[in-house]
Amino acid sequence: MAKSFFEVLRIKEKKEKMETKDLLRLIVPDEILLSFELIEVKDNNSLTELIFEEKQDLVPEELKGKDCVLDGFCNSLSLLSFPIKAKPTYLVLKRRRWKLKGGGTHYSNEYYFNHPNIKATREFAAFLKEVHGHTPDEYLRVCRISGD
């Protein structure tokens with residue numbers, strides 16, 4: 001039986017959404033996509049930033065079942081990831097800040113997407129070390145020199 005125009009259109013819409021999600025999974029570690037949503041892409045001549053916000057329903061354990069409210073964001077974390085179009089690419093992660101309704105103490109979720117003192121995704125840092133013998137900082141210096 002032939003599909004109607006609207007059935008074909010719905011199938012096409014589903015495929016387009018899936019392709020965007022699948023593309024993100026190629027660029028961003030799955031562990032980040034479980035807790036964060038892409039909200040913006042900033043691209044200029046020298047670098048690309050993929051900006052993510054923590055999903056709104058991820059209330060910290062200490063506040064589960066309590067009357068709490070969102071209270072802005074913590075300082076964002078920028079992690080160097082695999083380059084896109086030969087430019088350094090950063091995943092900018094914005095964690096939400098919470099508090100008890102009427103309270104002043106802030107709470108937030110903790111994530112461990114990078115090794116301590118290395119501002120790069122674990123996968124990218126391991127790749128640089130194994131393939132090139134570089135740390136992420138050394139990689140950025142090489143990029144700046146070759147870009148001049």
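Identify, please: which residue in the range 14-60 is part of a helix (DSSP H, G or I), modelled with pLDDT of 90 or more and among the charged types (D, E, K, R) and is, among those, surrounded by the fewest Cβ atoms within 10 Å (Cβ to Cβ)? That would be Asp30.
Taking the criterion of being under 16 Å from Ser108 (Cα atoms), of a type outside the set (Lys, Arg) and without any contact (Cβ under 8 Å) to a residue 24 or more places away in the chain, the only residue of the range 35-60 that qualifies is Asp57. Would it be correct to say that Arg97 is touching a residue at least 12 places away in the same chain (Cβ under 8 Å) and touching a Gly at 6+ places or on another chain (Cβ under 6 Å)? Yes, satisfied. Just one residue in the set Gly72, Gly65 is within 26 Å of Thr105 (Cα to Cα) and assigned to a strand (DSSP E or B); that residue is Gly72. Among the residues of the range 19-70, just one is within 13 Å of the chain's Cα centre (by Cα) and among the small types (Gly, Ala, Ser), namely Ser35.
Kindly indicate the residue of the range 90-124 that is modelled with pLDDT under 85 and touching a helix residue (DSSP H, G or I) at 6+ places or on another chain (Cβ under 8 Å) and also surrounded by the most Cβ atoms within 10 Å (Cβ to Cβ) among those meeting that condition. Residue satisfying both the conditions and the ranking: Ile118.
The values are calculated or read from the model by the stated rules, or taken from the named source; none is laboratory data. These numbers were taken from a predicted model, which means no experiment stands behind them. In this analysis, Cβ positions are derived from the backbone assuming ideal geometry, glycine residues included, and neighbour counts consider all displayed protein chains.
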